[in-house]
1. Taking the conditions exactly as written (buried (at least 24 other Cβ atoms within 10 Å of the Cβ), under 26 Å from Ala72 (Cα atoms) and more than 13 Å from the chain's Cα centre (by Cα)), does Val120 satisfy them or not?
2. Within region 181-195, can one find any residue that is farther than 24 Å from Phe90 by Cα, under 20 Å from the mean Cα position of the chain (by Cα), surrounded by fewer than 18 Cβ atoms within 10 Å (Cβ to Cβ) and within 16 Å of the ligand (Cβ to nearest atom)?
3. Within region 232-246, does at least one residue satisfy the condition of being modelled with pLDDT of 95 or more, touching a His at 6+ places or on another chain (Cβ under 6 Å) and surrounded by fewer than 24 Cβ atoms within 10 Å (Cβ to Cβ)?
4. Only residues that are more than 16 Å from the ligand (Cβ to nearest atom), buried (at least 22 other Cβ atoms within 10 Å of the Cβ) and of a type outside the set (A, V, I, L, M, F, W, C): list them for region 249-275, please.
5. Quick check on region 105-133: of everything there that is part of a loop (DSSP other than H, G, I, E, B) and away from the ligand (no atom under 14 Å from the Cβ), which residue is farthest from Val247 (Cα to Cα)?
6. For region 81-101, enumerate the residues that are touching a strand residue (DSSP E or B) at 6+ places or on another chain (Cβ under 7 Å) and more than 19 Å from Gly45 (Cα to Cα).
7. Pairs please, first residue from region 180-206 and free of Cβ contacts under 8 Å to residues at least 40 places away in the same chain, second anywhere and part of a helix (DSSP H, G or I), Cβ atoms under 8 Å, 6+ apart in sequence or on different chains.
Amino acid sequence: MRTRMYKRTLACLLLCLLARGAAAAALVPIDVPPLEGVEIVQRFGTDPARPYMPPAGVIDHPRAPSYAVDAARPDTAPLPAYRIGPDTWFLFGNIAEVDPVNRGFNGNAGFIVTDEGVVVIDALGTPYLGRRLIATVRAVTDRPIRYLVITHAHPDHYYGAAAFAELPGVRIISHAGTEKYVHSSTIQHSVAYRKVFLPREMEGFKAVVPDLLLGGGHPARLTLKLGGKTIDIYDVGHPHSHGDLVVHQVEDKILWVSDLAFNGRVTFLGDGNLREILPMQTWVRRQFPDLALMVPGHGAPQTPPFAMLDFTSNYVQALLERMRALYAAGHGLQEAVARADLPDYAHAPLYELNHRINANHVYRLVEEEAF
Ligand SMILES: [Zn+2]
């Protein structure tokens with residue numbers, strides 16, 4: 001199964017597919033009240049008692065930031081950013097769930113500066129943070145922002161896109177799955193949840209339907225040529241979300257792998273298609289054999305041999321094997337999830353938050369396999 005998927009994916013990626021025309025990005029109001037009557041216990045948020053942001057040099061940095069966003073600061077205040085290549089900048093998000101301290105800055109973003117303009121990768125977790133990301137670009141260059149690439153439509157990468165949609169001349173690119181997500185009940189629940197912590201930043205929230213959507217069921221590549229740089233954007237299917245992209249800076253040998261691999265954090269498997277994860281990681285290894293740097297959606301940028309790919313795929317493989325064994329031994333869902341612990345990964349941040357959800361998700365897939 002895995003080999004077949006890999007071949008199909010590779011064949012499709014040889015095509016260059018540009019899915020939609022030049023319509024402007026649309027803003028869709030997601031007008032839901034905050035969750036009420038639900039007790040939300042925060043156990044994996046950002047600890048304000050131990051503030052930390054690396055002073056410099058984030059590549060292969062072993063420690064995650066603990067950074068409180070001060071929402072009283074104007075949205076023209078830049079966020080901390082690190083130069084990770086001659087023209088490439090990186091914003092280092094907290095490794096945490098969204099909370100009133102990180103205020104949605106719990107994923108990475110970055111941007112590439114060229115003579116003809118700027119390409120931004122991911123938009124952070126609220127329109128306010130999106131505006132501060134724009135201010136961060138402005139602190140580095142006065143060249144116009146030409147493109148925003150949303151690697152996938154999870155809140156920490158995507159909800160800041162509304163700030164970019166209000167800038168003239170910015171084209172927003174994402175996976176076709178983003179449009180489906182905008183019209184799903186999942187986004188309503190997600191926005192209601194965020195409003196509990198971020199009532200001001202999420203007030204009047206609008207979801208962006210990008211003006212360029214890749215995919216629609218056919219893995220594809222879109223190439224941007226800008227200021228002497230080649231930037232390939234690949235649709236890699238649905239391994240992690242409703243639709244995932246990776247971004248390759250060809251000359252710079254940098255791959256923005258997004259949430260296909262996590263550096264120093266357990267992955268979340270609830271939304272994507274588990275069957276696509278391992279083949280797509282194999283594809284990444286083969287497609288980009290001479291990368292200098294891999295930038296994940298969570299955790300520090302990493303140099304070869306990219307231990308984060310192995311960490312993520314080994315976890316997924318181990319969980320799959322465990323759930324298959326528990327199913328074969330006749331355990332029902334609840335019993336199997338209770339026995340799903342993987343001690344080798346229990347030390348990793350967000351294990352406790354995500355592992356049971358992941359085990360639940362994988363058990364259901366194993367059950368499907370049996371029919
Ligand atoms: Zn993420």
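1. Numbers: buried (at least 24 other Cβ atoms within 10 Å of the Cβ): yes; under 26 Å from Ala72 (Cα atoms): yes; more than 13 Å from the chain's Cα centre (by Cα): yes.
Here the answer is yes, as Val120 does meet what is asked.
2. yes
3. Yes, because at least one residue in region 232-246 is modelled with pLDDT of 95 or more, touching a His at 6+ places or on another chain (Cβ under 6 Å) and surrounded by fewer than 24 Cβ atoms within 10 Å (Cβ to Cβ).
4. Gln249
5. Looking only at region 105-133, we keep the residues that are part of a loop (DSSP other than H, G, I, E, B), and these are 105-108, 115-116, 122-126.
Checking which are away from the ligand (no atom under 14 Å from the Cβ) leaves us with 115-116, 126.
Values: Asp115: 19, Glu116: 18, Thr126: 22 Å.
Checking each candidate, the answer is Thr126.
6. Kept after step one, since they are touching a strand residue (DSSP E or B) at 6+ places or on another chain (Cβ under 7 Å), are these residues of region 81-101: 81-85, 87-92, 94.
The answer is Ala81, Tyr82, Arg83, Ile84, Gly85, Asp87, Thr88, Trp89, Phe90.
7. From region 180-206, the pairs are Ser190/Pro155; Glu203/Lys195.
Residues are listed down the side, and each one gets a yes or a no for (1) in contact with a Pro (Cβ under 7 Å, 6 or more places away or on another chain); (2) at pLDDT 90 or above; (3) loosely packed, with under 10 Cβ neighbours inside 10 Å:
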| site | (1), (2), (3) |
| --- | --- |
| Thr9 | yes, no, no |
| Ala22 | no, no, yes |
| Arg50 | no, yes, yes |
| Ile59 | yes, yes, no |
| Ala72 | no, yes, yes |
| Gly93 | no, yes, no |
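The values are calculated or read from the model by the stated rules, or taken from the named source; none is laboratory data. On a predicted model such as this, the values are computed, not experimentally measured, just so you know. Here the Cβ is made from the backbone with ideal geometry for all residues, glycine too, and neighbour counts use every protein chain on show.
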